[in-house]
1. Could you please tell me which pairs satisfy a Cβ distance under 7 Å, a separation of 6+ or placement on different chains, a first residue in region A:138-154 that is outside any loop (DSSP other than H, G, I, E, B), and a second residue that is of a type in the set (Gly, Ala, Ser)?
2. Output the number of the condition that A:ARG96 fails; it satisfies all remaining conditions of (1) in contact with an Asp or Glu (Cβ under 7 Å, 6 or more places away or on another chain); (2) of a type in the set (Lys, Arg); (3) within 27 Å of A:GLU116 (Cβ to Cβ).
3. Does A:ASP42 meet the test of being over 23 Å from A:ALA150 (Cα atoms), over 14 Å from the mean Cα position of the chain (by Cα), within 14 Å of DNA strand B (Cβ to nearest atom) and not aromatic (Phe, Trp, Tyr)?
4. Scan region A:105-156 residue by residue and report those that are surrounded by fewer than 17 Cβ atoms within 10 Å (Cβ to Cβ) and polar (S, T, N, Q).
5. If you go through region A:107-137 one residue at a time, how many are among the hydroxyl-bearing types (Ser, Thr, Tyr) and either assigned to a loop (DSSP other than H, G, I, E, B) or within 27 Å of A:ASN38 (Cβ to Cβ) (or both)?
6. Could you list, in sequence order, the residues of region A:115-137 that are closer than 13 Å to A:ILE62 by Cα and in contact (Cβ under 8 Å) with a residue 40 or more places away in the chain?
7. Could you list, in sequence order, the residues of region A:1-53 that are in a helix (DSSP H, G or I), in contact with a Phe, Trp or Tyr (Cβ under 8 Å, 6 or more places away or on another chain) and among the aromatic types (Phe, Trp, Tyr)?
8. Name the one entry in A:TYR53, A:TYR34 that is within 16 Å of DNA strand B (Cβ to nearest atom) and at pLDDT 95 or above.
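The values are calculated or read from the model by the stated rules, or taken from the named source; none is laboratory data. These figures come from a predicted structure and were not determined experimentally. Positions of Cβ are backbone-derived with ideal geometry, glycine not excepted, and every protein chain shown enters the neighbour counts.
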Amino acid sequence: MNYWLFKSEPDEFSFDDLKKRKKKTEPWNGVRNYQARNYMRDGMKVGDLGLFYHSNTAVPGIAGLVKVSKAAYPDPTQFDSESDYFDPKSLPNDPRWLMVEVTWEADFPSFVSLEELKGDPRLAEMLILRRGNRLSITPVESRHFERICALGGCLG
DNA sequence: GCCAACGTTGGC
DNA sequence: GCCAACGTTGGC
């Protein structure tokens, strides 16, 4: 099993929004970065767990847990000229962008703020904490994942 | 294939 | 709203 971090701006789509979705599931569309796409394509398997991170908001941090419920497949928004995510250079017979689907898995009894993540020496090497990191999807080491779950009061 | 210019991200 | 950091673009 692999672990991941999914960034989302809560003003656009929050962890609570996910919980309110039908089947608590949402296609993770709109990823337009090759490295993030490759993580989805090459690394993500159904059943992998993810940390749902709120970015670009007053108190950034991790709101809860999601599970990858569908493996990578072509993101239809790349072919939709009405969509913000439309990519005229992507061809239907050779799609450039992929997405997975994520499903709500568990709330964190306590939100784990970015400040808290930064303050924990055990998490110092996390990709998300590296300067200038802007990837919307990053892999998470199991030791980091477990530590963050403990901070959030999840999974015993 | 270099690299300057540009647009975006995201914490603060 | 500022701005540092980064990815992408496109002229050469």
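1. A:PRO139/A:GLY43; A:GLY152/A:SER110
2. Just one mismatch for A:ARG96, condition (3).
3. no
4. Listed by number, the residues that qualify are A:SER110, A:SER113, A:ASN133, A:SER142.
5. Within region A:107-137, the subset among the hydroxyl-bearing types (Ser, Thr, Tyr) is A:110, A:113, A:136.
Checking which are either assigned to a loop (DSSP other than H, G, I, E, B) or within 27 Å of A:ASN38 (Cβ to Cβ) (or both) leaves us with A:136.
Number of matching residues: 1.
6. Across region A:115-137, the qualifying residues are A:GLU115, A:GLU116, A:LEU117, A:ILE128.
7. The answer is A:PHE15, A:TYR39.
8. It is A:TYR53.
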